[in-house]
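To keep things clear, I will list the structure first and then write my remarks on it.
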């Protein structure tokens, strides 16, 4: 009997991450996509987004699908603005897109300014924001928030991107 319980617990433990990465209901994804088109300056159909979790937080990574300098510039300006807003505790654009009950959002909004780092980095084909903290409660909030983003938007595979995040060593 003990073995069956242990096996059941093990299956539950290993199956739980799979549930976190399921996509949102089709209607919710459509609603979020419509709001995204209103809120972001770049063409989301011409961009790939990834939401990667790391040991200390995670990374939002947005790149243009094709060589398109205008798209790259729009992506970079948008992510730079987002990082600046996040540093001030302003998650209003995220809240408008995903709703006030988005997992992890409330904790991120109320975190003291220096407890989470939001590091913007331009890339040749887009940009990224690296989120990091030493505080477990904010790591958890970031992971929940990134999972919710991936669920609502999908989580594209960007060539060459996952290799440096796959070990969750950052």
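The values are calculated or read from the model by the stated rules, or taken from the named source; none is laboratory data. None of these values were measured; they are calculated from a predicted model. Backbone-built Cβ (ideal geometry, glycine too); neighbour counts: all protein chains shown.
Whether any residue in the range 66-75 is part of a helix (DSSP H, G or I) and at pLDDT below 95 is what I want to check. No, because not a single residue in the range 66-75 is part of a helix (DSSP H, G or I) and at pLDDT below 95.
Residue-wise test of (1) surrounded by 20 or more Cβ atoms within 10 Å (Cβ to Cβ); (2) free of Cβ contacts under 8 Å to residues at least 12 places away in the same chain; (3) farther than 20 Å from residue 38 by Cβ; (4) in contact with a helix residue (DSSP H, G or I) (Cβ under 6 Å, 6 or more places away or on another chain).
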| site | (1), (2), (3), (4) |
| --- | --- |
| 77 | no, no, no, no |
| 97 | yes, no, no, yes |
| 100 | no, yes, no, no |
| 109 | no, no, yes, no |
| 113 | no, no, yes, no |
| 130 | yes, no, yes, no |
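For the range 135-158, the candidate set comprises residues that are part of a loop (DSSP other than H, G, I, E, B) and in contact with a strand residue (DSSP E or B) (Cβ under 9 Å, 6 or more places away or on another chain); within that set, the residue that is modelled with the lowest pLDDT is 158.
Can you spot a residue in the range 48-66 that is within 15 Å of residue 124 (Cβ to Cβ), surrounded by fewer than 21 Cβ atoms within 10 Å (Cβ to Cβ) and in contact (Cβ under 8 Å) with a residue 60 or more places away in the chain? Yes - at least one qualifying residue is present in the range 48-66.
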